[in-house]
Every structure is written in C-alpha cells, then in structure tokens.
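*Asks:* I am attaching a structure below and will ask some questions about it afterwards.
The values are calculated or read from the model by the stated rules, or taken from the named source; none is laboratory data. All values reported here derive from a predicted model rather than from experimental measurement. Quick reminder, even Gly has a Cβ in these numbers, built from the backbone with ideal geometry, and neighbours come from all protein chains shown.
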Amino acid sequence: MRLEDLMLPCFFKQLIGFDCIGCGMQRALAFILRGDFYSALQIYPAIYPFLVLVVGVVTQVLRPGEKIARFNIRLAIFTAISMTIFYIYKLTFIF
C-alpha cells in the first residue's frame with residue numbers, strides 16, 4: 001500500500017469545486033517523507049513554515065515557557081501569512 005492511498009480527499013474542493021488553503025499539504029508531506037524536498041516545495045511552498053511551527057508547538061508542550069510561547073505566536077502568524085500568500089498566488093496564476 002502506498003502512502004498516497006491513505007490520503008484524505010479535500011471536502012472543500014468536493015463541495016465548492018476549487019482548492020482550499022490546505023490543498024497539497026498531504027502530498028507535500030508525502031514528498032518530504034520520500035526525500036523529494038523540491039517537489040514538496042513546488043506543490044505546497046508553505047509546508048516548510050508549517051513543519052517548523054509543528055516542531056515549535058511540540059517543543060512548547062515538552063518544555064513550556066514564555067519565550068517559546070512568544071516565538072510560536074510569531075511563527076504561527078508567519079505561517080498563516082505564508083499559507084495565505086501562496087494560496088492567493090495559486091488561485092491567481094494557476095487557475
């Protein structure tokens with residue numbers, strides 16, 4: 001069984017008919033797990049800020065502290081902005 005066989009469909013895309021802001025994240029993660037970092041960047045550029053955010057949140061859970069919490073807030077804002085910019089770019093230039 002391949003990893004792609006386990007991926008969830010995008011319900012937003014099924015209902016509305018176009019990609020949501022997270023479309024491509026599962027495929028990008030599959031590329032990263034296979035070691036194909038460039039393809040992951042091409043399919044979903046915001047995957048890297050998102051993964052750094054995940055590491056930051058796990059760090060905060062394991063070692064709670066004010067510095068880590070403030071850093072994670074800034075990182076979450078940066079990740080949200082990155083996801084939004086790449087989403088707008090995809091909607092504007094790909095469709």
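*Asks:* Test Leu29 against the criterion of being surrounded by 13 or more Cβ atoms within 10 Å (Cβ to Cβ), in contact with a helix residue (DSSP H, G or I) (Cβ under 7 Å, 6 or more places away or on another chain) and touching a residue at least 24 places away in the same chain (Cβ under 8 Å), and give yes or no.
*Replies:* Working: surrounded by 13 or more Cβ atoms within 10 Å (Cβ to Cβ): yes; in contact with a helix residue (DSSP H, G or I) (Cβ under 7 Å, 6 or more places away or on another chain): yes; touching a residue at least 24 places away in the same chain (Cβ under 8 Å): no.
So Leu29 fails the test.
*Asks:* Could you tell me whether Phe71 is assigned to a helix (DSSP H, G or I), buried (at least 17 other Cβ atoms within 10 Å of the Cβ), modelled with pLDDT under 95 and not β-branched (Val, Ile, Thr)?
*Replies:* Numbers: assigned to a helix (DSSP H, G or I): yes; buried (at least 17 other Cβ atoms within 10 Å of the Cβ): no; modelled with pLDDT under 95: yes; not β-branched (Val, Ile, Thr): yes.
Taking the combined requirement at face value, the residue does not satisfy it.
*Asks:* Got at least one residue in the stretch 32-49 being under 22 Å from Phe93 (Cα atoms), surrounded by 12 or more Cβ atoms within 10 Å (Cβ to Cβ) and more than 13 Å from the chain's Cα centre (by Cα)?
*Replies:* yes
*Asks:* Suppose we keep only residues that are among the hydrophobic types (A, V, I, L, M, F, W, C), touching a Phe, Trp or Tyr at 6+ places or on another chain (Cβ under 9 Å) and part of a helix (DSSP H, G or I) within the stretch 12-31. Which one would you say is modelled with the lowest pLDDT? I'd like the intermediate steps shown before the answer.
*Replies:* Step one: filter the stretch 12-31 for residues among the hydrophobic types (A, V, I, L, M, F, W, C), giving 12, 15-16, 18, 20-21, 23, 25, 28-31.
Those left that are additionally touching a Phe, Trp or Tyr at 6+ places or on another chain (Cβ under 9 Å): 12, 18, 20-21, 23, 25, 28-29, 31.
Remaining after also requiring part of a helix (DSSP H, G or I): 12, 25, 28-29, 31.
Numbers: Phe12: 76, Met25: 88, Ala28: 92, Leu29: 91, Phe31: 92.
Among those residues, the one meeting the criterion is Phe12.
*Asks:* To continue, here is another question. If you check Phe86 against the conditions, is it touching a residue at least 40 places away in the same chain (Cβ under 8 Å) and either surrounded by 15 or more Cβ atoms within 10 Å (Cβ to Cβ) or closer than 27 Å to Arg2 by Cβ (or both)?
*Replies:* Values: touching a residue at least 40 places away in the same chain (Cβ under 8 Å): yes; either surrounded by 15 or more Cβ atoms within 10 Å (Cβ to Cβ) or closer than 27 Å to Arg2 by Cβ (or both): yes.
For Phe86, the condition - touching a residue at least 40 places away in the same chain (Cβ under 8 Å) and either surrounded by 15 or more Cβ atoms within 10 Å (Cβ to Cβ) or closer than 27 Å to Arg2 by Cβ (or both) - is met.
*Asks:* Which one of these does Pro9 not meet: (1) of a type outside the set (Ser, Thr, Tyr); (2) surrounded by fewer than 12 Cβ atoms within 10 Å (Cβ to Cβ); (3) in a helix (DSSP H, G or I)?
*Replies:* (3)
*Asks:* Then there is this: Has the stretch 33-55 got any residue that is among the β-branched types (Val, Ile, Thr) and in contact with a Pro (Cβ under 8 Å, 6 or more places away or on another chain)? Talk me through it step by step, then tell me what you get.
*Replies:* Taking the stretch 33-55 as the starting set, the residues that turn out to be among the β-branched types (Val, Ile, Thr) are 43, 47, 52, 54-55.
Checking the rest, the ones that are also in contact with a Pro (Cβ under 8 Å, 6 or more places away or on another chain) come to none.
No, there is no match, as no residue in the stretch 33-55 is among the β-branched types (Val, Ile, Thr) and in contact with a Pro (Cβ under 8 Å, 6 or more places away or on another chain).
*Asks:* Cβ-Cβ below 7 Å, separation at least six or inter-chain, first residue in the stretch 36-47 and touching a residue at least 40 places away in the same chain (Cβ under 8 Å), second aliphatic (A, V, I, L, M) and not in a loop (DSSP other than H, G, I, E, B): which pairs?
*Replies:* Qualifying pairs under 7 Å: Tyr44/Met25; Tyr44/Ala28; Ala46/Met83.
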